[in-house]
Amino acid sequence: AADKCASEFHPDRAEFRRWDGDVETDCAVCVVPDSDAEIRAITLVNHGRRTREFEVTSYAEVCLNARRADQAHPAFAKLFLETEFDPACGALLARRRPRGANEHPVWAVHSSVASASSSDDIDYETDRVRFLGRGRTQANPAALDPGSRLSRTTGAVLDPIFSLRRRVSLKPGMTTRIAYVTGAADTREAAIGIAKRLHGFEAIDRAFAAAKVQC
């Protein structure tokens, strides 16, 4: 539990704030107006007198299916999903293989953007079992244990997720930003295009500004 928390909802975005000791965290969420993508931009502020080290980890379970179909046969639906990591744009990709001639592939993408205080090294995971650990849940996943590393597993995993981790060093009084982009597309090229287009905080800020104008 946070020492203090607050939330605000606007026509163009939602904002969630929390304070943990000397650290302030702000998460702003918006939908990109001209793209099938969502942005979650996180701002970390160190109000303390000593340098703090953080690991910021995202987590999302991948479906790429109609909600009713996924709820009716979740284990079967996941058999048609494959994941990969594209090192060129630092993005995770997931594809739903067509089950018939009338179906088309569906792609999802998950990428991360960071300011200069973050390490360029990105850890990733697409296997839910490896992330959670044996007998664990989202409330206490093994991936968040001290010293743990994401396994960088991709492929035809049985229970796919998207998870990206960045390491951040914050000196006293310093602010840093990390954004996570999640989108969907009809082709692999279009999915990678979303990650490339929103790869930088100038593009992230433009997307938030466009969302505000759209409203």
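The values are calculated or read from the model by the stated rules, or taken from the named source; none is laboratory data. For clarity, every value in this text was computed on a predicted model and none was experimentally measured. Ideal geometry is used to build each Cβ from the backbone, glycine not excepted, and the neighbour counts take in all protein chains shown. Side chains are part of the model used for accessible areas, which takes the heavy atoms of the whole protein and leaves out ligands, DNA and RNA. Shrake-Rupley method; radii C 1.70, N 1.55, O 1.52, S 1.80 Å.
Things to note:
- Tilt relative to the chain, helix 201-214 - C-alpha long axis, 0 to 90 degrees, to 10: 80
- Simple point charges give the picture: +1 on the Cβ of Lys and Arg, -1 on the Cβ of Asp and Glu, and for the chain a dipole about the Cα centre of about 340 debye.
- Net charge of the neighbourhood of residue 85, taken over other residues with C-beta under 11 Å away and scored Lys/Arg +1, Asp/Glu -1, is -3.
- Lysines with Cα under 25 Å of residue 4, excluding same-chain neighbours fewer than 8 positions away: 171
- Semi-axis lengths, largest first, of the ellipsoid equivalent to the chain are 30, 22, 16 Å, with √(5λ) applied to each eigenvalue of the Cα gyration tensor.
- C-alpha long axis of helix 188-197 to longest principal axis of the chain, angle in °: 10
- The mean accessible area for residues of the chain, using a 1.4 Å probe and ignoring ligands and nucleic acids, is 55 Å² per residue.
- Shape class for region 84-202: oblate, because the ratio a/c of the largest to smallest gyration tensor axis (alpha-carbon atoms, square roots of eigenvalues) is 1.5 or more and b/c is at least a/b.
- Using a cutoff of 8 angstrom between alpha carbon atoms and counting only pairs six or more residues apart, the relative contact order for the chain works out to 29 percent.
- Highest-MSF residue in the chain out of 68, 197, 167 [GNM, Cα springs under 10 Å]: 68
- Projecting the Cα positions of 140, 174, 157 onto the charge dipole of region 128-181 (unit charges on Cβ atoms of Lys, Arg, Asp and Glu, taken about the Cα centre) puts 174 furthest along the positive direction.
- Charge tally around residue 54: other residues with Cβ under 10 Å, Lys/Arg +1 each, Asp/Glu -1 each, net +1.
- Surface share of carbon and sulfur [accessible, 1.4 angstrom probe, percent] for region 113-177: 50
- Contact order for region 1-108, expressed relative to its length and based on alpha carbon pairs under 8 Å spaced 6+ residues apart, stands at 13 percent.
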